[in-house]
1. Can you name the residue in region A:153-210 that is without any contact (Cβ under 8 Å) to a residue 40 or more places away in the chain and of a type in the set (Val, Ile, Thr) and is also surrounded by the fewest Cβ atoms within 10 Å (Cβ to Cβ) among such residues?
2. If only one of B:Glu80, B:Glu41, B:Glu17 is surrounded by fewer than 19 Cβ atoms within 10 Å (Cβ to Cβ) and either polar (S, T, N, Q) or within 14 Å of the chain's Cα centre (by Cα) (or both), which one is it?
3. So which residues in region A:11-44 are in a helix (DSSP H, G or I), without any contact (Cβ under 8 Å) to a residue 12 or more places away in the chain and more than 19 Å from the chain's Cα centre (by Cα)?
4. Look at region B:118-129 and say how many of its residues are assigned to a loop (DSSP other than H, G, I, E, B) and within 8 Å of chain A (Cβ to nearest Cβ).
5. How many residues are on the phi < 0 side of the Ramachandran plot, small (Gly, Ala, Ser) and within 7 Å of chain A (Cβ to nearest Cβ) when one looks only at region B:86-117?
6. Being out of contact with any helix residue (DSSP H, G or I) (no Cβ under 7 Å at 6 or more places or on another chain) and closer than 23 Å to A:Leu91 by Cα is the filter here; which residues of region A:102-123 pass it?
7. Can you name the residue in region B:59-77 that is assigned to a loop (DSSP other than H, G, I, E, B) and over 19 Å from the mean Cα position of the chain (by Cα) and, of all such residues, is farthest from B:Ile141 (Cα to Cα)?
8. Please list, ordered by first then second residue, the pairs with beta carbon atoms under 6 Å, 6 or more apart or interchain, first in region B:47-76 and at negative phi and within 11 Å of another protein chain (Cβ to nearest Cβ), second in a strand (DSSP E or B) and among the β-branched types (Val, Ile, Thr).
Amino acid sequence: MRRLFRSRAWYKFSRSWLSVAGLATILVIALVTVVAPLIAPFPEHVGIFVDFRNTEQPPGWLYFFGTDDNGRDIFTRVLYAYRVSFAVGLLVLAIAVPVGVILGLLAGYYGGLVDTVIMRTTDVFLALPPLVLAMAIMGYLQPSLFNIMLAISVMWWPWYTRLIYNLTRSLRHEGYVQAAKVSGASDLHILLKEILPNCVPSLLTKMAFDMSFVILMIAALGFVGLGMQPPTPDLGRMVAEGVRFMPFDWWMSVFPGLAILILVLAFNLFGDGLRDMLDVDV
Amino acid sequence: MALLETTDLHVRFELFEGMSHVLNGVNLKVERGERVAVVGESGCGKSLTARAVLGLLRHTNAQIDGSVRFDGSELLSLSERGWRSIRGRRIGMIFQDPTAALNPTFTVGDQLFKVIIRGGRARTKRRAREIAREALRHTAIADPDRVLNAYPFQLSGGLAQRVLITMALVNEPELVLADEPGSALDVTVQEQTLRLMRALGDELGAAVLIITHNLGVVREFAQRVYVMYAGSIVEEADVDTLFHAPRHPYTRALLEAVPRLTGEMLPQPIEGVVPDYTAAPVGCRFHPRCPHAQPACQEPPPVVDLGGGHRVACVLPEAAP
């Protein structure tokens, strides 16, 4: 830990207090989602639960973010909704990044027919508006955690293919790639050990920014009703359902909305910091 | 049998502008343990020759004809696997810019160990480290461990160059290709590079094919020289003969164009430029720039053997200087 704070990387990252604030926010939220069952004031409010005596309570000491029209604590539900956002965000990247990276490396390195087939396929995916594509997929499949993740991944990998493709195109002419080649390195070695490590800074930065886009996308799907289905809490759905009670019972939409805003903002600030630290353009 | 022999090597590229016929029948030979230079202007095909010899023109749109024989076996028909068993083990290469030839994301040691392990000299990293340490000491690096643990950007140009020489020579190849070694560095470091390459080459009995545009380097380093112009060898001779009795008009012009330290005379530039390869001159490719050009130059020039390994591709091989 001390080595980290004394490193050059940390020095560059910490030049902007906003990036540090972003990172801190992410860490706090991540921690909170992990221990949500322990700290949530009303864990039973996550599921099917109705409390007619306490419907539409304004924010207060008992209910930090107020309650919804079923009398459920919004703070608790936001904590649990964060779990979904985080999990789906990470899973989408876990699928889209490896797929995108492998295809990008192959297309960029070999060129020719491989290049044409892979890159034209990405063009097809990129030509469709991402939200519409995800909505189409979600409309066809059952809304579930797995299917949401799948739908978003399907439209996310082409961006990574593009990024890695462009980097590979320029890196394969670097002296050290040629040098590895003349020292008898295999293509696999060149792709994984020479080119890929030099893509990592751009990749990490893009992943940080993409976490915020994926979280927004999940919220958008939830907002139109294609996200997690009730009673599972979903930030987008909570905003959508609270709208009916605006402007009097404002807390029902505003707090879940703020929750989205803070997480998205945090990942963006963190991404900015990474970009400065790693000195890349994405 | 020569160690390396290219016979009538042609390389063409298909471009929008048409067929670019860059290498136009290159014949060169390197004997075991010999230091040979290929010299010529920028863009005359020197580096391309080296790349063709190492099979680096795959995945490009190059069309290659002719033959490249290494130790008696044909290289151009090798599979990728076959190439890999040659590259780094039997043929090493040294690049122009040493800092660009090291991967910035790994330490020097990691990269050097990989080369050693790949070359079959060691199986474990520990053993590779011993070999690397020894090899670096050989290149007059006093503190090998510091260099092995350093990242490339922490090395000076001279150190990086020595590391690269070590990488090229550590597997004791029979032939080393050096593409303008050290020309991205300042002259004193370049001088060191050449000395080191000569010393190590002699010690290992490795042949060196050096590619350069610097006649000073040729004079100092090589035993035999090929002068290349626009994708053809125009003259070949041992170093003394070439510098004292050059026969091809291009060789002479090249020698005239060298700046001198005395400062009495400005060098004489060669008029014109290296031709466009999509519409290269017919016959002798130098004739549009040649002061002695004549109608016969429209035909491919004969290669005249003047004895003692001195050959010149010109219709006027006896022309007085």
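The values are calculated or read from the model by the stated rules, or taken from the named source; none is laboratory data. What you see is a predicted model; the values in this text were computed from it and never measured. Positions of Cβ are backbone-derived with ideal geometry, glycine not excepted, and every protein chain shown enters the neighbour counts.
1. Selected residue: A:Val200.
2. On the way: B:Glu80 fails: either polar (S, T, N, Q) or within 14 Å of the chain's Cα centre (by Cα) (or both); B:Glu17 fails: either polar (S, T, N, Q) or within 14 Å of the chain's Cα centre (by Cα) (or both).
Just a single option satisfies the conditions, and that option is B:Glu41.
3. Result: A:Tyr11, A:Trp17, A:Pro37, A:Leu38, A:Glu44.
4. Total meeting the criteria: 1.
5. Qualifying residue count for the region: 2.
6. Within region A:102-123, the subset out of contact with any helix residue (DSSP H, G or I) (no Cβ under 7 Å at 6 or more places or on another chain) is A:102, A:110-113, A:116-117, A:120-121, A:123.
Across region A:102-123, the qualifying residues are A:Ile102, A:Thr121.
7. B:Asn61
8. Cβ pairs passing all conditions: B:Ala50/B:Ile211; B:Val53/B:Val68.
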